[in-house]
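Notes to accompany the following structure.
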Amino acid sequence: MADILNCLIIGSGPAGYTAAIYAARAGMNPVLYTGKEPGGQLMITTDVENYPGYPDGIMGPAMMEHFQKQAERFGTKVNYEVIARVDFSGPVHKVYTESEEEILAHTVIISTGASAKWLGLESETRLMNKGVSACAVCDGFFYKGTDVVVVGAGDTAAEEASYLAKLCPNVHMLVRRDEMRASKIMQKRVMNTPNITIHWNTEAEEILGEEEVEGVRVVNNKTGEKKEIAIKGFFTAIGHKPNTGIFKDWLDMDGAGYLINVPDSAKTNIPGVFVSGDAQDNVYRQAVTAAGTGCMAALDAERYLAAKEII
């Protein structure tokens, strides 16, 4: 029979690496599987200026390298593989890699994160981190004093537009229908902000610029009329998709796929399985909040193992 790990961590963003640091220091000998996107969404983030401890800012990939080195320093074993499926039916949890290797663990910490939804434009991919972003709170400061576009019609888009309106002279919202999905209070806030312009029935056709965003060409999907808007920042706010599909048969989740934790803890509905980071957070989605819940998950896992007298 294979050895049973004390702690298996699935995912390698701020939540996963923080959980690994705490678990390793607690003598839990954690093993971390990075998944398809080692480092998570910070790997597609350039300057990070809002994480404490980096007064001069830091590139997202460099920050994740620091997190990983710190986790490994205390003994975390990092595997660059993908967990394809899980079996949480027994007291010892089973997970399986894409190559069907079976791993047994007393505790599992899920930190698989969430991925931003994109429009699918070629120019969107080409200009990623060169004016294209999916997080106004993360990147909005870099576009202070310039005009920007926000794509979306829900609460997230309204919140992003309102945030950017405090930094930017003009914020253009592209709404593909003739109404918004946002809550009434958020719609009212947007419509009462004088420097936010809503373009109804409008979609982005192409983001303009070679080395950085210079504008966007939009099309009215009712009239077919096209026009160009000069901007420096292009923010997609059409939602995130939590990377939680492999857990759907085992763990409680909301309608959007975010895992549901027991209040004031990182516990899930399965004893010994814990969740952290953006896999359960559809509100804040910041590196620092993800790291905080990674700490919570490791502490909860340590207490679980201690109660079972496994460590």
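No value in this document is a laboratory result; all are computed from the given coordinates. Being a predicted model, the structure only gives us computed values, none of them experimental. Virtual Cβ from ideal backbone geometry, glycine too; neighbours counted across all protein chains shown.
Cβ crowding within 10 Å ranks MET173, MET191, MET180 as MET191, MET180, MET173, fewest other Cβ atoms first.
The phi-based Karplus calculation (6.51 cos²θ - 1.76 cosθ + 1.60; θ = phi - 60°) puts the 3J(HN,Hα) values of segment 140-154 at x, 4, 5, 10, 4, x, 10, 8, 9, 10, 10, 9, x, 9, x Hz, whole numbers, x for Gly and Pro. Label segment 1-141 by shape, choosing from rounded, prolate and oblate, from the square roots a ≥ b ≥ c of the eigenvalues of the Cα gyration tensor; if a/c is under 1.5 it is rounded, and otherwise prolate applies when a/b is larger than b/c, oblate when it is not. Since a/c reaches 1.5 but b/c is at least a/b, the shape of segment 1-141 is classed as oblate. One chain, two ends: ASP264 and SER183. Fully extended at 0.36 nm per residue, the span grows by 26.5 nm beyond their Cα-Cα distance. For segment 26-79, applying the loop criterion from DSSP together with a ceiling of 16 other beta carbons within 10 Å to the chymotrypsin sites (Phe, Trp or Tyr not before Pro) yields PHE74. Taking amide H as placed 1.01 Å from N in the peptide plane, the amide H of LEU32 sits under 5 Å from that of ILE9, LYS77, VAL78, ASN79, each at least 5 places away or on another chain.
Applying the criteria of a DSSP loop state and at most 15 other Cβ atoms within 10 Å to the trypsin sites (Lys or Arg not before Pro) of segment 239-303 yields LYS248. In terms of surrounding Cβ atoms within a 10 Å radius of their Cβ, ASP147, ASP300 rank from fewest to most as ASP147, ASP300.
Qualifying GluC sites (Glu not before Pro) in segment 76-146, where qualification requires a DSSP coil assignment and no more than 16 other C-beta atoms within 10 Å, comprise GLU81, GLU98, GLU100, GLU101. Comparing Cα centroids, segment 237-311 and segment 1-53 end up 13 angstrom apart. Taking every alpha-carbon pair under 8 Å whose residues sit at least 6 apart, the chain reaches a relative contact order of 21 percent. Under 5 Å from the amide H of ILE83 lie the amide H atoms of GLY35, each residue being 5 or more positions distant or on a separate chain, with H modelled from the backbone and absent for Pro and chain starts.
Most mobile of GLY292, GLY257, GLY57 per a Gaussian network model of the chain (Cα springs, under 10 Å)? Comparing GLY292, GLY257, GLY57 in a Gaussian network model of the chain, the most mobile one is GLY57.
Think of it this way: in the chain, CYS7, CYS168, CYS295 stand alone, with no other Cys Cβ under 4.7 Å. Backbone geometry of segment 197-204 corresponds, through the Karplus equation with coefficients 6.51, -1.76 and 1.60 at θ = phi - 60°, to 3J(HN,Hα) couplings of 10, 9, 9, 6, 6, 10, 10, 7 Hz, x marking Gly and Pro.
The shape of segment 118-236 comes out oblate: with a ≥ b ≥ c from the C-alpha gyration tensor, a/c is at least 1.5 while a/b does not beat b/c.
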